[in-house]
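The values are calculated or read from the model by the stated rules, or taken from the named source; none is laboratory data. All values reported here derive from a predicted model rather than from experimental measurement. Virtual Cβ from ideal backbone geometry, glycine too; neighbours counted across all protein chains shown. All accessible areas refer to the heavy atoms of the entire protein, side chains included, with ligands and DNA or RNA removed. Shrake-Rupley method; radii C 1.70, N 1.55, O 1.52, S 1.80 Å.
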Amino acid sequence: MQGLMMQQPLLVASLLAHAERHHGGQEIVSRRVEGDIHRYRYRDLAQRARRMANVLEGLGVKPGERVGTLAWNGYRHMELYFAVSGSGSVLHTLNPRLHVDQLAYIIEHAEDRVVFFDATFLPLIESVAPRVKSPKVFVAMTDRAHMPQANDLTGMLMCYEDLLELHDDVFEWPLLDENSASSLCYTSGTTGNPKGVLYSHRSTLLHTYAAALPDSLNCSARDVILPVVPMFHVNAWGLPYIACMVGAKLVFPGPALDGKSLYELIEAEQVTLSAGVPTVWQGLLTHVGERQETFASMRRTIIGGAPCPTAMTAQFQERYQVDVLHAWGMTELSPVGTVCSFKPHQLSLSTEERYTVQAKQGRSVFGIDMKIVGPDGEALPWDGHAAGDLLVRGQWVTRQYFGAGDGDASPLRDGWFPTGDVAKIDPDGFMQITDRSKDVIKSGGEWISSTDIENVACLHPEVATAVCIAARHPKWDERPLLLIVKKPGSALGGGEMLAFFDGRVAKWWTPDAVVFVESVPLGATGKVLKNQLRDQYRDYYLSA
Ligand code: AMP
């Protein structure tokens, strides 16, 4: 027997419609790339998003086509989040920290029809434009007075505010299939070329419900939320959608992510909840500590993307009375998978014991199922000791990467997504990452491909073998370390080797140091035993 309830598709635009209707007066505050603070309300956001939907139609963007954004966290980016997905096309957030070759690859692969960009990214757009066949329209997200000079984009450059002026705000959000695509985000969190994760309206809405819950990211209408995590990195962990669902005030930091700028914004706007990677919080804590400041309103901070060190948790909680919510997720998971919020019996633990809990990445939010498996694929016990490959499944987990052909293998293993993380799970269901099986480096919350670094190093005529590994770093969590076996008779020095990366990879991808070694350990099949090298050199930068 069928249930007799209404069938309402789960659509991204419904979040905005709800926010306009029920929280229309709630504020959205943005630090702009133009340098000033901008403020308006959800009802303005909704009205301008509808105008923008008309702009997209005017530009000829069709349902299902991709629209790129290369932008910081700000209100215009938020307008595009809803205008693009809401009107049936696909919001493709581009990561400006990538090398221009990678950006060009991703834009081509996604076949973006139009790319919107913050004016500060003009040089990047000018480098990318000649390398891609499409798009032929680039929209600077600013007004006429701040339009950048772009000689190389003649005929292709448009102005965001001018386009909005040309259209009215009468637009009916179409009743889309809830399984249609809403947004796209590429990740280099595996080896090989970046891969696109294509979210649907349904997966986004279900993720929003689950991520907003009290034991998840714990968001409400009484919160003032500062997403420091970029809107180009897994939709700022879903916070733009969550804020609409619950009616929270939003504060966007724009490009100013240094400790001083963040602190000033937090205090001026009375932020209650912030979210970001450990590296960003390190900058904030240093600034606040040096000036002996306190936080007047901030009560919670969500820390994820990389392990949150206990020293950071302790500092936030003891010195500033800001509770830390340690969370784990992935681009492939929209991203929230686990959050470390206490169960009732843990509240009576000693402070030290609670820090031990908080060092874990947390327990599953409803909708995400997880397991750990050994080398034979058998599930391991949740005893807090056995560690194995972490696999997940759920309503907002990817089942195939964007653009994969019929012949392409699914990333799934028996219906489960292998995360590339190695973890243990305790009897309370708290997961803790112990290692990583994927061969990548996460520096300041963003990926560096060790394979790409090795491939570049091997282009040097005096390099016999190059191995790049992740070494722990006090500021960036991890930085690449390059191990080189030189060709016989070579006098190659570290400086020359590192200079070789100039222009070949993004500047921040260049390893911090080179260690010249006689040989590297090889396995039976001739593969470099990276685990051995990681064990040996893991603390290289800490002891340097
Ligand atoms: P991304 O897809 O760029 O968001 O990266 C996801 C990956 O970042 C995960 O698979 C982990 O390897 C890592 N990661 C995310 N959150 C955490 C965390 N809290 N602790 C340790 N690693 C994390």
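Observations, loosely collected:
- Sequence ranges 47-57, 431-441, ranked by mean other-Cβ count within 10 angstrom, highest first: 47-57, 431-441
- Paired Rg and Dmax values of the stretch 323-476, which use every Cα atom, in angstrom: 18.1, 62
- Segment residue 404-residue 168, length gained on full extension (0.36 nm per residue, minus Cα span): 81.1 nm
- Label-zone membership for the stretch 496-510, site residue 462, 7 angstrom Cα→C-beta point, backbone N under 14 Å: 496-501
- Once the chain from residue 38 to residue 179 is taken as fully extended at 0.36 nm per residue, the excess over their C-alpha distance is 47.3 nm.
- Two-site label geometry, residue 491 and residue 522: point separation in nm, points 7 Å out along Cα→Cβ: 2.9 nm
- Average accessible area per residue (Å²) across the chain - probe 1.4 Å, nucleic acids and ligands excluded: 42 Å²
- Calculated FRET efficiency for the pair residue 6/residue 346, C-beta based, R₀ 35 Å, to 0.05: 0.30
- Listed by chain and number, the aspartates and glutamates whose C-alpha is less than 15 Å from the C-alpha of residue 475, apart from same-chain residues fewer than 8 away, are 258, 446, 512, 539.
- Accessible-area composition of the chain, carbon plus sulfur, in percent [1.4 Å probe]: 51 percent
- Taking 12 Å as the straight-line reach from the Cα of residue 62, the aspartates and glutamates in range (excluding those fewer than 8 positions away in the same chain) are 112.
- In terms of distances greater than 19 angstrom between alpha carbons, the cross-link table entries 195/360; 360/424; 438/527; 195/371 yield 195/360; 195/371.
- Each 5 Å bin from zero up to the one holding the largest Cα-Cα distance in the stretch 8-200 carries the following percent of pairs: 1, 8, 16, 20, 21, 17, 10, 5, 1, 0.
- Put a dot 7 Å past the Cα of residue 542, heading toward its Cβ, do the same for residue 311, and the two dots end up 0.9 nm apart.
- Three-way shape label, the stretch 438-537, alpha-carbon gyration tensor, a/c 1.5: oblate
- Taking 0.36 nm per residue of separation and subtracting the current Cα-Cα distance, fully stretching the chain between residue 354 and residue 154 would add 66.1 nm.
- Summarising the label geometry, the points placed 7 Å from Cα in the beta-carbon direction at residue 59 and residue 385 lie 5.8 nm from one another.
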